[in-house]
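The values are calculated or read from the model by the stated rules, or taken from the named source; none is laboratory data. Just so it is clear, the structure is predicted and the values come from calculations on it, not from any experiment. No Cβ is skipped: glycine too gets one built from the backbone with ideal geometry, and neighbour counts run over all protein chains shown. Just the protein is used for accessible areas: all its heavy atoms, side chains included, with ligands, DNA and RNA removed. Shrake-Rupley method; radii C 1.70, N 1.55, O 1.52, S 1.80 Å.
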Amino acid sequence: GAEVPFSAGAGEVDLTPDAQMINARVKKPFAEIHDPIGVRALVLGDGASRLALVVWELIDTPEVLVARVRAEVEKTTGIPKSQVLINATHTHSAPLTMPYSQAATGVENDPIHRAWAEALPQRCAEAVRLADAARRPATLQIGRSYAGEWVFNRRPIRPDGTVQSLLQPPDPHSLANGMRFGKTEPTLTVLQFRDAGDKAIATLFHLPCHSVAVYNRPPPSPYSNGISADWSAPVRRKLKETFGAPAIFVQGCAGDIVPARRGFEAVAEMGKGVSARALSAIKNSVRLPTGLIRHTSAVVGLQLTALAREESGGDAAMVPAEIHMIAIGPLAIVMMPGEPLSQLGFSIQERSPYEHTLVLGYSNGRGAGYVGMPGDKAKGGYEMTRVGRATDEAGGLMIETAVRLLQEKGMPSLPGVDNRRS
């Protein structure tokens, strides 16, 4: 048949607030801006439909805000709400997404915060509008590099099989007390969309790792209360400068993964190192067949723990978790809410019928916060305390749902491509 007219466009809009905005974590003004934060959009089209991926440099994706942004994007661009997907980079050095969350933080009445939050949906819709206007025929490349030395699993395993939380390791390369290292995803995956002249339209990069290298903490912390997009910002800047097109960091299943080192020096070092690996990945990238964009989703109910039910006033026994699957040729992208631990990503990838599968957390909702594998609650650790609001089977339910979506759509039959996995 005739080749499907696959197209892509990218746009970006600044979200940096006034430095006098009150930082909800320390109840004082941010006072300084280390580097700006923004929202970036990628709009993909296949001649029949369009899909928008919105990525903001904020901590999370509250359901109320997601709904507002989707409505605004649909109103502005005509892209259906169900085809507007949102991922947060999870930077801890940005304003919290008030007033879109239920929790009171004491900054709700800060007029700077209020005006900034009110403008968020329009700014996101503007990024999508710019991306859609820039859309042109596109090809897609994928490349990978190793970036394992910059990431650390903060759930090392004690000899008895339980977990000791090590949020900031004294030495990320050596563990005490007979502990074993937790698993990390060392793979930096880079996707590049290019136009007919082989010029970059957008570069996406994916490395599951908390954006907490610089962290808002009150003195005497070595960090700062200022605004920052964290470790992905210097990588994004380098890729944009190199290719002359927006670069977008998409956050993966980073619930238990943190930067191996912290502080501004670490950010500079990680930025330099990961940028160099990203450039190598692009140099070694291969072109993927494109064709129709396939998109499907499902909402599952995650059972809340007794403590979470009590804390939410006992109203709800469950929270919804929206799971999405997007596929372009042999590439699939799964998006999950909340803070999935890295093993959820591995489990989905292992069972995906696609040749290339990326799994994102922090997408389209908060879900139940941290979600681990069945059996993780008994192992303990920070992520399994009150911040993991769902019961033990939640992770398994999210994995099964994602795998079902992947298998339902299956791998398309592409001319000259053997879809059987080796």
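Would you check which residues across region 363-409 are of a type in the set (Val, Ile, Thr) and outside any helix (DSSP H, G or I) and list them?
If the condition is that a residue be of a type in the set (Val, Ile, Thr) and outside any helix (DSSP H, G or I), then Val371, Thr385, Val387, Thr391 are the ones that fit.
Just one of (1) among the charged types (D, E, K, R); (2) surrounded by fewer than 24 Cβ atoms within 10 Å (Cβ to Cβ); (3) within 17 Å of the chain's Cα centre (by Cα) fails for Asp230. It is (2). Among the residues of region 362-377, those identified as in contact (Cβ under 8 Å) with a residue 60 or more places away in the chain, more than 17 Å from Leu166 (Cα to Cα) and not basic (Lys, Arg) are Tyr362, Ser363, Asn364, Gly365, Gly367, Ala368, Val371.
In region 46-68, the residues that are closer than 28 Å to Phe6 by Cα and assigned to a loop (DSSP other than H, G, I, E, B) form Cβ pairs under 8 Å with partners that are β-branched (Val, Ile, Thr) and open to solvent by 30 Å² or more (accessible area, probe 1.4 Å), at six or more places apart or across chains, as follows: Asp46/Val4; Gly47/Val4. Filtered by the rule that a residue be open to solvent by less than 40 Å² (accessible area, probe 1.4 Å), modelled with pLDDT of 95 or more and within 24 Å of Glu265 (Cβ to Cβ), region 166-183 gives a lone residue, Leu175.
Somewhere in region 189-196, is a residue outside any strand (DSSP E or B), surrounded by fewer than 24 Cβ atoms within 10 Å (Cβ to Cβ) and not charged (D, E, K, R)? Yes: region 189-196 contains one or more residues that are outside any strand (DSSP E or B), surrounded by fewer than 24 Cβ atoms within 10 Å (Cβ to Cβ) and not charged (D, E, K, R). Among the candidates Arg366, Arg309, Arg351, the residue that is among the basic types (Lys, Arg) and under 30 Å from Thr290 (Cβ atoms) is uniquely Arg351. Residues considered: Ala71, Ala52, Ala48. Of these, the only one that is more than 23 Å from the chain's Cα centre (by Cα), of a type in the set (A, V, I, L, M) and within 30 Å of Thr290 (Cα to Cα) is Ala48. Residues of region 25-45 that are over 17 Å from Phe249 (Cα atoms) and either open to solvent by less than 10 Å² (accessible area, probe 1.4 Å) or polar (S, T, N, Q) (or both): Phe30, Gly45. In the set (1) without any contact (Cβ under 8 Å) to a residue 12 or more places away in the chain; (2) more than 30 Å from Gly381 (Cα to Cα), the condition left unmet by Glu310 is number (2). A single entry from Gly255, Gly271, Gly178 fulfils the requirement of being touching a residue at least 12 places away in the same chain (Cβ under 8 Å), in contact with a strand residue (DSSP E or B) (Cβ under 6 Å, 6 or more places away or on another chain) and either of a type outside the set (D, E, K, R) or not in a loop (DSSP other than H, G, I, E, B) (or both): Gly255. All of (1) open to solvent by less than 70 Å² (accessible area, probe 1.4 Å); (2) touching a residue at least 40 places away in the same chain (Cβ under 8 Å) hold for Gly148 with one exception: (2).
Please determine whether any residue of region 304-314 is part of a loop (DSSP other than H, G, I, E, B), within 30 Å of Val64 (Cα to Cα), open to solvent by 60 Å² or more (accessible area, probe 1.4 Å) and among the acidic types (Asp, Glu). For region 304-314, residues part of a loop (DSSP other than H, G, I, E, B), within 30 Å of Val64 (Cα to Cα), open to solvent by 60 Å² or more (accessible area, probe 1.4 Å) and among the acidic types (Asp, Glu): absent. Number of residues in region 378-391 that are surrounded by fewer than 22 Cβ atoms within 10 Å (Cβ to Cβ), closer than 13 Å to Ala306 by Cβ and modelled with pLDDT of 95 or more equals 1. Here is the figure for region 343-357: residues that are open to solvent by less than 10 Å² (accessible area, probe 1.4 Å) and either assigned to a helix (DSSP H, G or I) or not hydroxyl-bearing (Ser, Thr, Tyr) (or both) total 3. Which of (1) open to solvent by 10 Å² or more (accessible area, probe 1.4 Å); (2) within 21 Å of the chain's Cα centre (by Cα) does Ala131 not meet, given it meets every other one? In the conditions (1) open to solvent by 10 Å² or more (accessible area, probe 1.4 Å); (2) within 21 Å of the chain's Cα centre (by Cα), Ala131 misses (1) alone. Could you please let me know if Val286 is open to solvent by 20 Å² or more (accessible area, probe 1.4 Å), touching a residue at least 40 places away in the same chain (Cβ under 8 Å) and among the aliphatic types (A, V, I, L, M)? In short, yes.
Looking only at residues that are free of Cβ contacts under 8 Å to residues at least 40 places away in the same chain and assigned to a loop (DSSP other than H, G, I, E, B) in region 69-87, which one is surrounded by the most Cβ atoms within 10 Å (Cβ to Cβ)?
So, considering only residues that are free of Cβ contacts under 8 Å to residues at least 40 places away in the same chain and assigned to a loop (DSSP other than H, G, I, E, B), the one surrounded by the most Cβ atoms within 10 Å (Cβ to Cβ) is Pro80.
Residue by residue, here is whether (1) in a helix (DSSP H, G or I); (2) aliphatic (A, V, I, L, M) holds:
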position: Arg114; (1), (2): yes, no
position: Ala117; (1), (2): yes, yes
position: Ala125; (1), (2): yes, yes
position: Gln141; (1), (2): no, no
position: Arg144; (1), (2): no, no
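Of the residues making up region 315-329, those that are surrounded by fewer than 20 Cβ atoms within 10 Å (Cβ to Cβ) and either in a loop (DSSP other than H, G, I, E, B) or small (Gly, Ala, Ser) (or both) are Asp315, Ala316, Ala317.
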